[in-house]
Amino acid sequence: MILFDPERKAPRFESVPKHIAVVMDGNGRWANKRGLTRTEGHRAGEAALLEVIAGAIEAGVSNLTAYAFSTENWKRSPEEVRFLMGYNKEVLRRRRDLLNQWDVRIRWSGRESKLWPSVVKELQEAEKLTAKNKGLTLTMAVNYGGRQEILDAAQALVDKAAKNKSSQRVTQARFEKELYLPDMPDVDLFIRSSGEIRTSNFLLWQASYAEYVFMEELWPDFSRETLWKAIADYSGRQRRFGAAVDSPLN
Ligand code: IPE
Ligand code: IPE
Ligand code: MG
């Protein structure tokens, strides 16, 4: 996998999102369409992730958060869950050195409970190896759920209040300090592959003012060019954050 391919240059964008969140969806359908099993689709998704990481670096994005396994994905068959756990581990081990060379800082967001300890260990090792990198911050959302993250933050505030025998007013700033990664910036661009138009519980708090781009491509068909198409769409949008600009002549 090449980082900078001279044949495939990123276009110039009016504005580049600082934080892109991506729901890597459609692996199962991609595989089934080819007469393959769902797990073959997950295998094919690895190259797409690397493509998107390379494309994000080239476009100058500083944060990329990838949804790899949701708190709802435990509902899948034991075989698929087992495959996904093992495969997440395998991909991290196989790719961490390459990502380290690319100056990527790997982080993990999600819940430890239920997650295989060996997966947690692999995530922590990748975090340690790449901790000092200054390039793209890649957050792998593994056993992540937006509602659960918000509940965990609320619980942490309640526990602190009980311990200190005093309660403080809950503010956005205090609440955000209890999220899994308090320094994660708000999501600017939220991309989902595979044509599904829903968030599936991803980054509910952080994506409250994100621009959403839903794409038809199934995840294994995603490339850096697909990512750049989404960034081009984003850069043509006017973000208002609730404010308004009066321009009656337009
Ligand atoms: C996304 O692809 C990968 C994970 C959820 C882990 P899916 O496995 O959801 O594929 P589809 O949506 O069934 O095609
Ligand atoms: C979202 O995709 C989770 C990940 C990509 C990891 P799903 O395929 O699990 O979501 P639903 O079931 O279509 O909402
Ligand atoms: Mg899916």
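The values are calculated or read from the model by the stated rules, or taken from the named source; none is laboratory data. All values derive from a computational prediction rather than experimental measurement. With ideal geometry, Cβ positions are generated from the backbone for all residues, glycine too; neighbour counts draw on all protein chains shown. In case anyone asks, the SASA skips ligands and DNA or RNA and just uses the protein heavy atoms, side chains included. Shrake-Rupley method; radii C 1.70, N 1.55, O 1.52, S 1.80 Å.
At an R0 of 30 angstrom, the distance between the Cβ atoms of D97 and K9 translates into a FRET efficiency of 0.70.
Distant-in-sequence amide contacts of T137, defined by a placed amide H-H separation under 5 Å and a gap of 5 or more residues or a different chain, comprise N63, L64, R105.
Cross-link check: pairs K114/K160; K18/K177; K89/K160 evaluated at a Cα-Cα cut-off of 22 Å; pairs beyond the cut-off: K114/K160; K89/K160. Each pair of Cα atoms in the stretch 1-140 enters the Kirkwood radius, and Stokes-Einstein at 25 °C and 0.890 mPa s then converts it into a translational diffusion coefficient of 153 µm²/s.
Heavy-atom surface analysis with a 1.4 Å probe gives the chain a carbon and sulfur content of 50 percent of its accessible area. Per-residue extension of 0.36 nm, minus the Cα-Cα distance of K18 and K163, leaves a gain of 48.5 nm for this segment. The residues of the stretch 79-151 expose, per residue, 50 Å² of accessible area to a 1.4 Å probe. Close amide H partners of F13, meaning residues 5 or more places away or on another chain with modelled amide H under 5 Å apart, do not exist here. Stokes-Einstein diffusion for the stretch 158-224, with the hydrodynamic radius set to the Kirkwood value over Cα pairs and evaluated at 4 °C in a medium of 1.567 mPa s, equals 89 µm²/s. Amide H contacts under 5 Å for W102: none, restricted to partners 5 or more places along the chain or on a different chain, H placed in the peptide plane at 1.01 Å from N. Per residue, the convex hull spanned by the alpha carbons of the chain comes to 152 Å³. Per residue, the average separation of C-alpha pairs within less than 8 Å and at least 6 apart gives the chain a relative contact order of 28 percent.
Please find the FRET efficiency linking K114 to V245, where r is the Cβ-Cβ separation and R0 is fixed at 41 Å, and quote it to the nearest 0.05. Efficiency at R0 = 41 Å is approximately 0.30. Computed from the C-beta positions of V81 and A232, the FRET efficiency with R₀ = 35 Å rounds to 0.45.
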